[in-house]
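Report on the structure given below.
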Amino acid sequence: MSHEDSEKGDVGLKVDQEQAQRGVDLDRLGEKEGYVLDATTFRTEHGGPEAPLKLTPDGKTVLIPQPSDDPNDTLNWSRAKKHLVLFIISAVAFLPDYGSATGAVTLLQQATVWDMSQDTVNHSQVGNVFMLGAGGLLVTILSAYFGRLPVLFWFLIFAVWTAAWCAGAHGFPDFMAARILNGFFSTIAQGGGLMFIKDMFFFHEQARKINIWASFIVLSPYFGPLFAAFIISTQSWRIPFVVYTLETFLCLVLVVLFVDETYYNRSIPQSEQPPRNSRFMRLIGVEQWKSRAQRSSLKEAIMRPVKVVLKPTVAISVFYYLCTFAWVVGINTTLAMFVTPLYNFGPLQIGYFYFTPIVAAILGEIAGHWLHDWLASLYARRHNGHVDPEARLLAIWVSTPFVLAGLIFLGFCLERGYHFMLTALAWGLYVFGIMITTVAVSAYNLDAYPEGSGEVAAWVNFGRTTGGFIISYFQVTWAQKMGTERSFGTQAGICAGVFILCILPLQMFGKRLRHWSGELDFKTN
């Protein structure tokens, strides 16, 4: 063997050792062939009992992705630290819809103070909702280039400022500008929430963590009007926004005190990982800036959301979610206009009424805690231990009947003047279904394209907010012109239609579509 051949052999050996040290890319394997969690099944298919694998402490479940030996690897963080960060990220994700929906109640008082129609004041709400989606896309671009933590920190800084601006706004134009900017900056953990979950948790944990994060998002638009209704019964409309500002500031404090950079590049060996010297320097982005060459370039970061939405399964599922979740925002931002004259509700009664969706969302979270994993296990038993991303869509078969029944029943209640408790029940059925649907759509896209965790979260969020943005413009006019029976019945028909046109084809042909469209092939996850 020549000296040159010997050097090539040494280099090849070194590369193999580094690859072995970094572990097998089970995410990519799962995308192609289905995720295999059972250790025995995996070893039977991929190398026998000697196959190098890192497992859960009981030795039964394969860890996907395989963690490195580096203590700075976020997959190796302690359980307490992971869940503390998850709670803080979820609390931050709670903010945007909470602040947005606060205006659904304050607009009643604002319309009187500013001598404007309630529908006109509601336009500030619509602008805020739209920016929740647009801001999420920018979040993923900046996070792919700068890292997660500094984007989280600086966006929250501006979220506090714009929330305070809402509380102190002088007149409607000033208030509307503040609301639009607040929507843009407050969406940081809502538009990019899945990337934090993907960074810290293994595949077998992700559905339950998404369930926790999503419950904060689904609950938030109901807590805003709940608190605001009680406050404005004795105080000015500005006080609910003062409360929202303080809540945003508290989340900023929690991020400063406890959250660290969650991104860890498992595609490079431990010896080349950027040093973690100062958490403050990571908070403001100095350390991430120094290591930016190891992440996506700015051009690559900009193209990531584009590449993701061009994947057929992402586009189809986002369209489905847009058409299904739109009515959540439409109902929430306009319901006070319906029930105030129908039941002679004042602010306090409206506040009490918002307990209904809160209870429904909590019940949906509790049910989803077991439902999503149970359905995945059932799917695995029927597919030789493999869990394809399409298994996550099974939960939508459970949620769709609740969504349809809730919308149809709500339309009847509002038009025929049924007792408000029946109206509350109808609303609750719909929200319960939406809670399960949200987790299913998010988990499906994360499993299908785990390397694009931030981008799929941003597009799902964009679909949700865009649907709400559109429907908020004509929900009241539509219902007044056609009657709530026909308008809400049409909404139910749309939900049933997109289930047939989107979810059924994805379950039947989703895997083929994903293989046909190819991998994302991003430089970093």
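Any read-out appearing in this document is the output of simple, stated calculations on the displayed coordinates, not a laboratory observation. Note that the structure is a prediction, hence the values are computed from the model and not measured. Glycine also receives a Cβ, built like all others from the backbone with ideal geometry; neighbour counts cover every protein chain displayed.
Within the range 265-281, list the residues whose amide N lies under 14 Å from a label point set 7 Å along Cα→Cβ of residue 157.
280-281
When the Cα centres of the range 330-402 and the range 180-230 are compared, how far apart do they sit, in Å?
15 Å
Report the local net charge at residue 145: Lys and Arg +1, Asp and Glu -1, summed over other residues whose C-beta lies under 9 Å from its C-beta.
Around residue 145, the charge tally is +1.
Please order 398, 318, 460 by the number of other Cβ within 10 Å, starting at the fewest.
Numbers: 398 17, 318 25, 460 29.
Ordered by Cβ neighbours within 10 Å, fewest first: 398, 318, 460.
For the chain, take the convex hull of the Cα atoms, compute a quarter of its surface area, and give me that in nm², please. The partial results should precede the final answer.
Numbers: hull surface 101.9 nm².
If you wrap the Cα atoms of the chain in a convex hull and average its projections, you get 25.5 nm².
In whole Hz, what ³J(HN,Hα) sequence does the range 297-310 give by Karplus (6.51, -1.76, 1.60; θ = phi - 60°), x for Gly and Pro?
Per-residue couplings from phi come out as 5, 4, 5, 5, 5, 5, 7, 4, x, 5, 4, 5, 6, 7 Hz.
So for the chain, taking the charge dipole from beta-carbon charges (+1 Lys/Arg, -1 Asp/Glu), which of 452, 100, 154 sits furthest toward the positive end?
100
For residue 223, what charge total do you get from the other residues with a beta carbon under 13 Å from its beta carbon, if Lys and Arg give +1 and Asp and Glu give -1?
-2
Report, in degrees rounded to the nearest 10, the 0 to 90 angle that the Cα long axis of helix 172-186 makes with the longest principal axis of the chain.
Long axis of 172-186 versus the principal axis of the chain: about 20 degrees.
Near the amide H of residue 388, under 5 Å away, which other amide H atoms are found, from residues 5 or more places off or on another chain, if H is placed in the peptide plane?
Answer set, sorted by chain and number: 35.
Order these peptides, 449-458, 429-438, by their mean beta-carbon neighbour count within 10 angstrom, highest first. Present the calculation step by step, with values, prior to reporting the outcome.
Details: 449-458: 28.3, 429-438: 26.4.
Sorting 449-458, 429-438 by mean packing, highest first, produces 449-458, 429-438.
If one takes the longest principal axis of the Cα atoms in the chain, at what angle in degrees, from 0 to 90 and to the nearest 10, does the Cα axis of helix 484-498 lie?
Rounded to the nearest ten degrees, it is 10.
Apply the Karplus curve 6.51 cos²θ - 1.76 cosθ + 1.60, θ = phi - 60°, to the phi angles in the range 342-350 and return the couplings in whole Hz, x for Gly and Pro.
Once θ is set to phi - 60°, the couplings for the range 342-350 become 5, 10, 6, 7, x, x, 5, 5, 4 Hz.
Among 473-480, 190-197, 179-186, 350-357, how do they line up by average Cβ neighbours within 10 Å per residue, starting with the highest?
The most tightly packed comes first, giving 190-197, 179-186, 350-357, 473-480.
Based solely on its DSSP helices, what 222 nm [θ] is calculated for the chain when runs of n ≥ 4 H residues each add -39,500 (n - 2.57) and the sum is averaged over all residues, nearest 500 deg cm²/dmol?
Values: 22 runs with 398 residues, N = 525.
-25500 deg cm²/dmol, from helical runs alone.
Tabulate in residue order the Karplus-calculated ³J(HN,Hα) for the range 414-428, using 6.51 cos²θ - 1.76 cosθ + 1.60 with θ = phi - 60°, rounded to whole Hz; enter x for Gly and Pro.
Once rounded to whole Hz, the list reads 6, 7, 9, x, 4, 3, 4, 5, 5, 4, 4, 4, 4, 4, x.
5 Å is the cut-off here: which amide hydrogens, built 1.01 Å from N in the peptide plane, fall below it relative to residue 38, excluding neighbours closer than 5 in sequence?
Under 5 Å from the amide H of residue 38: 62.
With a sphere of radius 14 Å drawn around the Cβ of residue 426, what net charge do the other residues whose Cβ falls strictly inside it have (Lys, Arg +1; Asp, Glu -1)? Present the calculation step by step, with values, prior to reporting the outcome.
Working: positive: 416; negative: 415, 485.
That works out to -1.
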